[in-house]
Every structure is written in structure tokens, then in C-alpha cells.
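Just below is one structure, and these are the notes that go with it.
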Amino acid sequence: MMKKIISVLLLLISFTCFSSEKVSVTIQPNSPVVNEPFDLIFKIKLSGDEEPYISFDPGGASVTGRSNRGVSLKTTIINGKYTTTKEVTYVYSLLATRMGSLYIRNIKVDFGSGVNEKLKDLRLNVLREPKKPKDIFVMAIPSKSKVYVGEGFDVNYYLYQRVNVLGSELEKYPKLGDFLKRFHLVNETIETVKYKGELYRRSLKYSARLFAQKAGVAKLDPLKMKVQYSAGSRRSNFGFGIQLGQVRTRSFQSERLEVEVMPLPVENVPPYFSGLVGEHEFSLKIPRTKYVVNEAIEAKLEVKGVGALEAFEAPKILKHKDLEEFDSKGEIQPINKQIQKKTFEYTYLARSAFDIEEHIEKVAYFDPDKKQYITKEILVPKVSISGGAVKSSSYTNTPKSPVSKNDTIEPKSIGLGIVGINLGKIKSSNLIINVLNIVLFLLFLLLSLKTFSVKKTTSEKSVIAKGIIKSIYKGDQSFSSLYSVLNLISDDINMNITEKIKASNMSENSKKYFLSLVDSLERGTFSTEKSQKMKVNKKHFRELQQVIK
């Protein structure tokens, strides 16, 4: 038992590589075999044209060759400044002639000018013969191992097999609690791949797009599967000489992996940064630009991109102190496994007449490839809200000619509805009578105008309500139509739609019906699209029309 533990420890040590800020050293393959060459690989970062000198003690192995794999250049932009680093790779070929522990000591890299780097000793285990490849295993493969906060990447969990798999089932899903998750539909088509020099068949068992929520190290949890497979062979007892595999059932689990999550840069962050990471497009549609007071104003914003749109909230588009905004509805539609589209439907109600001038709304996302914030502009057209529908009137204000002291006003009879008043002859010398007659005339005039105006407005409201309800019957079951007809219940601008319904003379059943519709609209149950119908009850709509009359 102790020997097995020691062997496992030595095997784990053989996988270890050592590195510093400037130098990294790795062994390939991880587990060398007796009398088979293996590589000792040095990767060295340089800041100039220096030529590093490498020395080490190979211990029980012999150095059979040295090669230079070339130089790679990497340019990064930090705070607007370009920084270029150079990395050179040297490979030493070694050969071990006996199995067991092998030590590589005194590893040193001399950069010249008295600058040198000394690394820890390497200890590895040399095998008598190559390890037998696994027949079945589960492996998680992330598309990236280093991401920014909010940057999306994919992770796929595969079942690899070299033997005949009869069936499999998922025992434990990965929690992936460090991420915002977007699951993919899985196509379990079997494909042939090469892994560590061996041919395998593999099938995708689980897939998701992930977005890390905070900087640090995020963990990709294991996926556990129960697999039924055929291993080995035995002769059939039926005497036909058929070789049948021995059926076994066993659980397999992928290794836990780590993903490095980098924080977003804190320099040059725009005040309108959306929190999205990756390329995005923004498109605003406002079908109309002219409205009247208390008429529903609708707008639609489409955002398409690779970021975590699930957590993206609707930006402010129209702003005014007398503009009431209802909760915007956000609907997500997948374009492909990486890109999604989120559509926001805005609904506003203007409480007074005003204009919102054409302007630009800015929104920004972070580009992980360019390592900088990108600003996008959304053009908002001019929106005008007038004081209401134009009301016809039988009266016009005409200018009055000046009256001299000795002028006499001829008798006139002014008819206002059913009210008539004869002012008779008014002499300018009789001031008191003049004043009394004028006051009396204005009083009757105001009362008559009020009576006429109410009748006229009620008649217009009845005609408007009849037209809107008729269009609703025909299929125009939009938020705008329903809101507009319910708003005709009362002229009180201080009351909202719910209050107007409750204060109306409708029956309790009709009140409940319309309150339910309004609640459904505000929750986003019905869309402005005509393809999504509301349940129209003509009995309640007829009662609503009677109340408006």
C-alpha cells in the first residue's frame, strides 16, 4: 500500500513544472519512458537583445541535443501605451537509461551583466513502459482559460471512449456557481478524434456558455456519468465460438478545472458603460414622433451581441419630468450559441404638452480583444406631444371697436343654447347699470359655455371610444389601443388608469375584467405584436362604452 502511495506521489511530481516571472521550465512528455527521449523546455522572456545562457545538472539522464524554437513577440496596450515583450524557447533533448526517480538540479539562466535566475530542482518519475491509455474518461474543454469579468466563453463536457459503450447517463451535473450560465442543446453525435497520440471516439454530453461574475479564479466543476460498456472478451457458453465482451458499469468524472478571471480596466471607464463585454449592436425604433397628452408612446430597442444580455437592463431613452415611464419588457432571442438579441419595448405616457429634441444617447461595452471601451451612439428622434385633440367651436373672438362716452349700444339678443338675454340699450353715462349688465352677461356666458363644452367633449369622447373599441374587435389589440380607450373614462389627469377604472360606474365584474387586463399589460403578458391576442369580452367593452357616454 505504501509503495502505491509513493508511486502516485512521484507520478504527480513528474507533472509539475517550475516557473518564475522570466523563466518557465516544463517536461514533455510528462512521464518519460526508459530509453526514450524526452524534452526539457525553457521559455524565457527578454526585454532586449540579450542572449541567455542556460545551465543545469541532468542527473542520471544524458543530454542528446539542443534546439532553438524561435522568438515570439507579444504587444499589449496598457493605459494607451504599447508594450512589447519577447519570448524565446530553447529545447534540450534528454535520455534516461533507468526507471525510477530522476533529479534535474542546479537549473540556472544567466542574462548577462550579473543578472541571473536560479530555479528549483525538478524531480520526475521515469517509467519502465508507456502508460496504457484510458479506455473511457470524461473531460471538460473550455474555449478559453483566461477571461475578463463578464466575458463569455463556452465549456463542453465530452465522453471519450476506446471500447464499446452500451449506454450512459448523467449522475451529477456541474454546478458552475461562479458563472452566469446559458445552457446549450446537446447533439450527441459521435466523432473520431486524436488525444495524446491515441484515437478515440467522443460524444458531447453537456455544454454551456459561461460569464464569470467576479475577478479571481473560477472553477469548472466536474461532470459525473454512469457508463455501461463492454471490456475484455470471453467465449460464449453456447458453443458457437463467438467472442462476447464482458459488460461492466462504472462511474466516471471529469477533472475540476480553473479559469483565470481578470478584472475590467478601471482607467477610462465611460460613465455610460453598460457592463457588457464583447461586440454589440444597438438599434432604436420609434414608429411615431407626434402624440397628444395622455396618449401611449411606444419605442423598441434591439441589442444584439455576445455579452451577458440576461443581466443587461434597459437604458433610458426618453426623459422628461412630465413623462411617465412604465416597466419596459425585455425579451431574449438566441441567434446562435454565442450571439443573442434582447428586445426592449418601452411605453410612456405624457402628462403635459412638450417636445423632446433629437439627441444622442451613448452606451459603451468593453472589447476584450482590443482591451478598451467602445462607445456606441443611439440616435433618438424628436418627439412632440401636443395639448390634445383640436376641439371645434361655434365662437370666435373678434376685436371690439372703442366706445365713446356718448355712444349707444344698440339692443342685441344673444342666444346661447336655450338661454337668451336682451341687454337693451346701454348708455355709457349710466356706469352702475353698465357694470351690472356686463357681470350678469359674463355669468350667463360662462355657464352656457361650460354646459356646451361638456356636451361637446362627451360626444367626441363617445365617438373616439366607439372607433377604438371597433378596432380592438377587428384585431388591433395593442397596449396603445386599450390604454387610450380606458383613459377616456375620466378627464382627471391626476388619476391613473387603475384609479379611473375603480372610480367609474361600471359593474364590479367589468371593473375586475379591465383591471386584470391592465395588470397583464404592465406585467408584459400581452405584446404590442398583433400575433399575440388578448381575450376580448364584448359585454364588458359595451358597458365601458356606455360609461364613457
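The values are calculated or read from the model by the stated rules, or taken from the named source; none is laboratory data. Just so we're clear, the structure is a prediction, and the values are computed from it rather than from any experiment. As a convention, Cβ positions derive from the backbone with ideal geometry for all residues, glycine included, and neighbour counts pool all protein chains shown. Surface accessibility is based on the protein's heavy atoms, side chains included, excluding ligands, DNA and RNA. Shrake-Rupley method; radii C 1.70, N 1.55, O 1.52, S 1.80 Å.
Here is how the numbers come out for the structure above:
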| read-out | value |
| --- | --- |
| Among the residues listed as 217, 126, the single one being surrounded by 14 or more Cβ atoms within 10 Å (Cβ to Cβ) and in contact (Cβ under 8 Å) with a residue 12 or more places away in the chain | 126 |
| Scope the stretch 52-100; condition at pLDDT below 80 and in contact with a Leu (Cβ under 9 Å, 6 or more places away or on another chain); matching residues | 84, 85 |
| Of residues in the stretch 129-154 being open to solvent by less than 30 Å² (accessible area, probe 1.4 Å) and either of a type in the set (Gly, Ala, Ser) or at pLDDT below 90 (or both), the one nearest to residue 173 (Cα to Cα) | 140 |
| Residue check for residue 264: touching a residue at least 60 places away in the same chain (Cβ under 8 Å), assigned to a loop (DSSP other than H, G, I, E, B), closer than 22 Å to residue 359 by Cα and within 22 Å of the chain's Cα centre (by Cα) | no |
| Residue in the stretch 60-68 that is touching a Gly at 6+ places or on another chain (Cβ under 9 Å), more than 30 Å from residue 221 (Cα to Cα), open to solvent by less than 80 Å² (accessible area, probe 1.4 Å) and not hydrophobic (A, V, I, L, M, F, W, C) present | yes |
| Pair list, Cβ < 9 Å and 6+ apart or interchain, from the stretch 498-510 residues that are within 10 Å of residue 540 (Cα to Cα) to residues that are among the hydrophobic types (A, V, I, L, M, F, W, C) and part of a helix (DSSP H, G or I) | 506/489; 506/514; 506/544; 506/547; 510/501; 510/541; 510/544; 510/547 |
| Qualifying residue in the stretch 178-189 (condition: more than 21 Å from residue 334 (Cβ to Cβ) and of a type outside the set (D, E, K, R)) | no |
| Strands (runs of 3 or more DSSP E) wholly inside the stretch 135-187 containing at least 1 residues that are of a type outside the set (Lys, Arg), under 26 Å from residue 213 (Cβ atoms) and without any contact (Cβ under 8 Å) to a residue 40 or more places away in the chain | 136-142, 179-183 |
| Residues (open to solvent by 30 Å² or more (accessible area, probe 1.4 Å), under 19 Å from residue 152 (Cα atoms) and touching a Leu at 6+ places or on another chain (Cβ under 7 Å)) located in the stretch 305-342 | 310, 311, 332 |
| Selection within the stretch 73-105 - exposed (fewer than 12 other Cβ atoms within 10 Å of the Cβ), part of a strand (DSSP E or B), of a type outside the set (Val, Ile, Thr) and in contact (Cβ under 8 Å) with a residue 12 or more places away in the chain | 73, 74 |
| Scope the stretch 155-172; condition closer than 17 Å to residue 257 by Cα and either crowded, with 19+ Cβ neighbours inside 10 Å or basic (Lys, Arg) (or both); matching residues | 155, 157, 158, 159, 172 |
| Scope the stretch 280-296; condition in contact with an Asp or Glu (Cβ under 9 Å, 6 or more places away or on another chain) and in a strand (DSSP E or B); matching residues | 281, 282, 283, 284, 285 |
| Residue that is nearest to residue 327 (Cα to Cα), among those in the stretch 343-390 that are surrounded by fewer than 19 Cβ atoms within 10 Å (Cβ to Cβ) and of a type in the set (Asp, Glu) | 361 |
| Those residues of the stretch 260-272 which are open to solvent by less than 50 Å² (accessible area, probe 1.4 Å) and more than 13 Å from residue 150 (Cβ to Cβ), in sequence order | 270 |
| Residue within the stretch 296-303 that is β-branched (Val, Ile, Thr) and modelled with pLDDT of 95 or more present | yes |
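So that you can scan it fast, the table gives a plain yes or no per residue for (1) at pLDDT 95 or above; (2) part of a strand (DSSP E or B); (3) under 25 Å from residue 355 (Cα atoms); (4) of a type in the set (A, V, I, L, M, F, W, C):
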| residue | (1), (2), (3), (4) |
| --- | --- |
| 238 | no, no, no, yes |
| 249 | no, yes, no, no |
| 318 | no, no, yes, yes |
| 338 | no, no, no, no |
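Here's the yes/no breakdown for (1) aliphatic (A, V, I, L, M); (2) open to solvent by less than 80 Å² (accessible area, probe 1.4 Å); (3) in contact with a helix residue (DSSP H, G or I) (Cβ under 7 Å, 6 or more places away or on another chain):
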{"residue": "174", "(1), (2), (3)": "no, yes, no"}
{"residue": "179", "(1), (2), (3)": "no, yes, no"}
{"residue": "185", "(1), (2), (3)": "yes, no, no"}
{"residue": "203", "(1), (2), (3)": "no, yes, no"}
{"residue": "206", "(1), (2), (3)": "no, yes, no"}
{"residue": "212", "(1), (2), (3)": "yes, yes, no"}
{"residue": "222", "(1), (2), (3)": "no, yes, no"}
